[in-house]
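Working notes, beginning with the structure itself.
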Amino acid sequence: MAVIDDDAAARIERACSQVVFRSVRAFDAQDWQGFADCFTEGGVFLRASEPHAPLRGRAAIRDTLAQRPVHRLTRHFCTNLVITPVSEQRAEGHCYLLLYTGDASKPETTVGRLAHVLQRIGEYHDQFELTAEGWRIARRLGQLVFYTGTP
């Protein structure tokens, strides 16, 4: 591992953390281009639901996710985020996710929409690269760990 001074490490950690948070926010907003833009041009996304079908490149990420039902609501809650700088141009990250889903076609009430019975807890394992556009995800592996309800 390269020696990185504390100031550089803090800048890398902050920048990569912001990419993680932007990515889940874009996903939940169904902003597929915004989500894809969080990746490097040739970035790879291995979805927890389809780990053997990697999405390679921004266009594949955007176009595949754009096929999801528009009524599917998601909220990804990221926690326990740890970013580890590897060098001035590379970093690794890990976070836990609590994923709630629902159906936007169902009526909204004063307390929101009813969440699906099936909910999940998972993780993201990210590799980051510094690009001309700033820090981006080069590879993301999503994994599911627990669920509640009936699959």
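Checking each residue in the range 28-54 for being of a type in the set (S, T, N, Q), surrounded by 15 or more Cβ atoms within 10 Å (Cβ to Cβ) and either in a loop (DSSP other than H, G, I, E, B) or within 12 Å of the chain's Cα centre (by Cα) (or both) picks out only Gln30. In contact with a Lys or Arg (Cβ under 9 Å, 6 or more places away or on another chain) and acidic (Asp, Glu) - does that describe any residue in the range 30-39? The answer is yes, given that some residue of the range 30-39 is in contact with a Lys or Arg (Cβ under 9 Å, 6 or more places away or on another chain) and acidic (Asp, Glu). For the range 1-35, taking the residues that are of a type outside the set (Ser, Thr, Tyr) and in contact with a Leu (Cβ under 7 Å, 6 or more places away or on another chain), the one that is nearest to Val70 (Cα to Cα) is identified as Trp32. The one condition from (1) in a helix (DSSP H, G or I); (2) within 16 Å of Ala138 (Cα to Cα) that Ile83 does not meet is (1).
Filter the range 126-149 down to residues that are more than 19 Å from Gln89 (Cβ to Cβ), of a type outside the set (Phe, Trp, Tyr) and part of a strand (DSSP E or B), then give me how many there are. Show your work before the answer.
Kept after step one, since they are more than 19 Å from Gln89 (Cβ to Cβ), are these residues of the range 126-149: 141-149.
Add one more test, that the residue is of a type outside the set (Phe, Trp, Tyr), and what stays is 141-145, 148-149.
When the remaining residues are screened for being part of a strand (DSSP E or B), the result is 141-145, 148.
Qualifying residue count for the region: 6.
Remark: pairs (first residue in the range 1-27, assigned to a helix (DSSP H, G or I) and of a type outside the set (Gly, Ala, Ser); second residue at pLDDT below 95 and surrounded by 13 or more Cβ atoms within 10 Å (Cβ to Cβ); Cβ separation under 9 Å; 6+ apart in sequence or on different chains) = Ile12/Ile4. Mind listing just one residue for me: the one in the range 104-121 that is over 20 Å from Phe21 (Cβ atoms) and surrounded by 14 or more Cβ atoms within 10 Å (Cβ to Cβ) and, of those, nearest to the chain's Cα centre (by Cα)? Taking the candidates together, the pick is Gln119. Could you run through the range 122-143 and say how many residues are loosely packed, with under 15 Cβ neighbours inside 10 Å and either under 17 Å from the mean Cα position of the chain (by Cα) or not β-branched (Val, Ile, Thr) (or both)? Final tally of qualifying residues: 5. Gln89 meets all of the listed conditions (1) within 21 Å of Ala26 (Cβ to Cβ); (2) at pLDDT 95 or above; (3) not aliphatic (A, V, I, L, M) but one, namely (1). Test Cys95 against the stated conditions and say whether it is without any contact (Cβ under 8 Å) to a residue 60 or more places away in the chain, under 30 Å from Asp5 (Cβ atoms), in a strand (DSSP E or B) and hydrophobic (A, V, I, L, M, F, W, C). It is false that Cys95 is without any contact (Cβ under 8 Å) to a residue 60 or more places away in the chain, under 30 Å from Asp5 (Cβ atoms), in a strand (DSSP E or B) and hydrophobic (A, V, I, L, M, F, W, C).
The values are calculated or read from the model by the stated rules, or taken from the named source; none is laboratory data. All of these numbers come straight from a predicted model, not from anything done at the bench. Cβ coordinates were reconstructed from backbone atoms using ideal geometry, including for glycine residues, and neighbour counts include every protein chain displayed.
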